[in-house]
Amino acid sequence: MEPAQAVTSNGNGSYDYDIISWFDSVSENAAMFQRETLHRILEQNYGVEYLKKWFEDIKIQEMDACALESLYTSLVPLASHADLEPYIQRIADGDTAPILTHQPITTLSLSSGTTEGRQKFVPFTRHSSQTTLQIFMLAAAYRSRVYPIRNGGRILEFIYSSKQFKTKGGLTAGTATTHYYASEEFKIKQEKTKLFTCSPEEVISGGDYKQSTYCHLLLGLFFSYQVEFITSTFAYSIVQAFASFEEHWKEICNDIKEGTLSSRITLPRMRKAVLDIISPNPSLASQIEEICEESQALDWYSLIPKLWPNAKYVYSIMTGSMQPYSKKLRHYAGTLPLVSAEYGSTESWIGVNLDPSLHPKDVTFAVIPTFSYFEFIPLYRQEQDWTSGAVDFIEDKPVPLSQVKVGQKYEIVLTTFTGLYRYRLGDVVEVAGFHNGTPKLNFICRRKLILTVNIDKNTEKDLQLVVERGSQLLSKYRAELVDFTSYADVVHQPGHYIIYWEIKGDVEERVLGECCREMDASFVDHGYVVSRRTNSIGPLELCIVERGTFKKILDHFIGNGAALSQFKTPRCTSNQMLLAILNVCTIKRFRSTAYS
Ligand code: AMP
C-alpha cells in the first residue's frame with residue numbers, strides 16, 4: 001500500500017491528515033507490511049540472475065508471505081557491498097540482462113564515500129525518488145503539527161547537485177541527492193507543499209559549491225521575509241554556508257542593494273538565472289547590513305532569526321557524524337528550533353523523525369515498513385574479549401523488524417526494490433521504542449571500527465564522545481572546535497592515536513596540552529585502557545591544524561566527484577592524500593601525559 005492518494009491530494013491540511021493516517025495504518029501492521037514488501041520485491045525480481053542461485057525452482061507467486069519470508073532469509077546469504085560489486089559493475093558496463101532487477105537500471109547512485117573512504121555505486125530507480133518524496137512529505141506533516149508554516153512561503157535550501165556522468169555502459173551516474181533534485185518528484189514536492197526553494201535549478205546544479213553557496217545566501221536574503229525554514233541534507237552544509245556568509249556578507253548586501261551579482265559568480269547559466277530573479281532593494285540591503293554589523297560583534301550569535309524573521313526552524317540531519325556541528329548550528333540559530341532530519345542512505349530511506357521538537361541527541365527514527373525489507377543483526381559488545389582482534393561486536397542471527405527489542409543494538413540489513421538482497425548497510429542503531437508496531441531507532445554510528453591499534457576497539461561514536469570531552473575546555477577560552485579527524489598510527493612503535501583539530505580562537509599551549517590529556521583519559525574501551533597502561537599503545541597525540549585545513553579536505557573530496565549535499569568529514573582516515581594535507585597543515589603537536 002502506497003500513500004498514493006495522499007501524495008496527490010490538494011491542500012496542506014488534508015494532505016497532512018492523509019499521509020499521517022497512512023503511516024499510522026502501515027506502522028500498526030508493520031510486520032504484515034514488511035512481509036508484503038518482501039513478497040513484492042521478490043515477485044518483481046523473480047528469476048533475476050542473482051536470486052536464481054538460491055531460488056531456482058521455487059514458485060514465489062504461489063507462496064504465502066510468511067513462508068516466503070522464512071525461506072528467503074534461510075536461503076539467501078547476507079551480503080556486503082563488495083559481494084554485489086561485480087554485479088553492479090556489469091550493469092554499469094552496459095550488461096542489460098536481468099542481473100539484479102527485471103526493471104532495467106538506467107541510473108546509478110554514488111554513495112558519498114566519505115565514511116568508507118571510497119565511493120560505491122548503488123542502483124537508483126524511480127522508486128528511489130518516489131520514496132524520497134514520500135518520506136519528505138511525511139516528515140513535513142509531522143513538523144507542521146508542531147511548527148505550522150504558511151502556504152506559499154519559501155525554503156532556503158543549501159542543496160547541491162554533483163555532476164552527473166555516464167558510465168562505460170552509458171548509464172547516468174551521480175549522487176542520490178543529485179538524481180532527486182533532477183527528478184519529477186522534487187518538482188511535485190514543491191507544488192504539493194506550496195513551498196518553493198529560493199534558488200533555481202541552475203544554482204542547485206551549478207557544480208561549483210562555492211558559487212552555489214553564495215547564490216543560495218543571496219537569494220535566501222532577497223526573499224528573507226518569505227522564508228519559512230532553512231534546511232540542508234546534512235548539517236555540515238549549513239555551517240559551511242554561514243562560515244562563508246561571515247566572509248562575504250558585505251558583497252551580498254551590495255548585490256541586494258544594486259540588483260547585481262558579484263564577479264565571483266562566473267558560471268553563465270547560474271549568473272543569468274540569479275540576475276533574472278533579483279532586482280535592486282536598497283532598504284532590505286541596509287537592514288541586513290545593520291543586522292550583520294551588530295551580529296559580527298556578537299560572533300554571529302542568533303544570526304538566522306535576525307536575518308529570516310519568519311523562519312520557524314532549521315531542519316537538517318544533526319545526528320551521527322553531524323552531531324559535532326549542532327553546537328555551531330545552535331549558535332547561529334539562537335533560540336530558533338533545530339529539527340533533526342530523517343534517516344536514510346543512498347541504498348534506501350529507513351526512518352522518519354516523528355517528534356520534531358526533540359533535541360538532536362534524543363531523536364529517534366520510526367522505520368517505514370513499506371520502503372524496503374529490513375532485518376536487524378543483534379550486536380553485543382564484548383568489553384573483556386582480548387582475543388577477537390579487530391572484531392568490534394559479537395553478532396547474533398538477524399531478526400525481522402517485528403522481533404527487535406528495546407535497548408538492543410543492531411546492524412541494519414536491507415532488501416530493496418533496487419536489487420540489493422540482504423545487504424549489510426554497516427550502520428549501528430539502537431531500538432529506543434515503538435511507534436505502533438514499527439521500531440523507533442536511535443542512530444549510533446557506522447559499524448566499522450575507526451580507531452584500532454591492537455586489542456583496542458573504538459567506533460566513531462566513541463571518538464566523538466572523547467573529542468566532546470576534550471574540547472569542553474576550549475569554550476572557557478572563547479575558542480571552539482571547527483572540525484576534527486583521527487588516524488591510528490601503527491607505523492611508529494608503539495602505535496598510538498593521532499587526533500587532528502582545527503580550532504577557531506587563540507588558546508594557550510598549556511590548555512591544549514590539557515585537552516590532549518583529557519581525550520586520552522576519556523577513552524573507556526577496556527582494550528585501550530589496558531594497552532595504554534602497559535604502553536603497548538603510546539600516548540595520544542593532538543595535532544592542531546591551521547585554519548582552513550578542513551576546507552581543503554572538503555575541496556579534495558569535491559574535486560574527486562563528491563557532492564557537498566552528502567559530504568561527511570571522515571572521522572578517521574588512513575588516506576595518504578588526506579594525511580598529507582593534515583600533516584602539512586599541522587602547526588602544533590601535543591603528546592598526552594595521561595597514564596604517565
Ligand atoms: P550516503 O549514502 O553515503 O549519503 O550516506 C548514508 C549514511 O549517512 C547512512 O548509512 C548513515 O551512516 C548516515 N546517515 C544518514 N542519515 C542519517 C541520520 N539521520 N543520522 C545519522 N546518520 C545518518
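The values are calculated or read from the model by the stated rules, or taken from the named source; none is laboratory data. Every value quoted in this text rests on a predicted model; they were computed, and no experiment measured them. All Cβ positions, even for glycine, are placed from backbone atoms using ideal geometry, and neighbour counts span all protein chains on display.
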Quick one: would you say I412 is touching a residue at least 60 places away in the same chain (Cβ under 8 Å), within 13 Å of the ligand (Cβ to nearest atom) and either crowded, with 21+ Cβ neighbours inside 10 Å or of a type in the set (G, A, S) (or both)? yes
Pairs returned, first residue in the stretch 476-489 that is closer than 11 Å to C515 by Cβ, second residue that is among the basic types (K, R), beta-carbon separation under 7 angstrom, 6 or more apart or interchain, are A479/K504
Of the residues in the stretch 453-469, those that are surrounded by fewer than 23 Cβ atoms within 10 Å (Cβ to Cβ) and part of a loop (DSSP other than H, G, I, E, B) come to V453, N454, I455
The one condition S70 fails out of (1) outside any helix (DSSP H, G or I); (2) loosely packed, with under 15 Cβ neighbours inside 10 Å is (1)
Matching residues in the stretch 209-236 (of a type in the set (D, E, K, R) and within 20 Å of T569 (Cβ to Cβ)) number 1
Test: residue in the stretch 78-98 that is hydroxyl-bearing (S, T, Y) and within 16 Å of the ligand (Cβ to nearest atom): yes
- Query: For Y373, are the conditions met, namely being crowded, with 22+ Cβ neighbours inside 10 Å, at pLDDT 95 or above, within 26 Å of L195 (Cα to Cα) and not polar (S, T, N, Q)?
  - Reply: no
Going through the stretch 501-551 in order, the residues found to be charged (D, E, K, R), in contact with a Phe, Trp or Tyr (Cβ under 8 Å, 6 or more places away or on another chain) and free of Cβ contacts under 8 Å to residues at least 40 places away in the same chain are D506, E508
key: Residue match in the stretch 550-560 (condition: more than 19 Å from T175 (Cα to Cα) and in contact with a Ser or Thr (Cβ under 6 Å, 6 or more places away or on another chain))   = no
Return yes when L554 is within 16 Å of the ligand (Cβ to nearest atom) and part of a helix (DSSP H, G or I) and no when it is not. yes
Of the listed residues (F136, F158, F124), the one being under 18 Å from the mean Cα position of the chain (by Cα), within 16 Å of the ligand (Cβ to nearest atom) and surrounded by fewer than 23 Cβ atoms within 10 Å (Cβ to Cβ) is F136
Of the candidates P104, P98, the one satisfying the condition of being part of a loop (DSSP other than H, G, I, E, B) and without any contact (Cβ under 8 Å) to a residue 40 or more places away in the chain is P104
Given (1) at pLDDT 85 or above; (2) within 16 Å of the ligand (Cβ to nearest atom), G153 misses just (2)
Among residues of the stretch 407-452 being basic (K, R) and assigned to a strand (DSSP E or B), the residue nearest to G351 (Cα to Cα) is K440
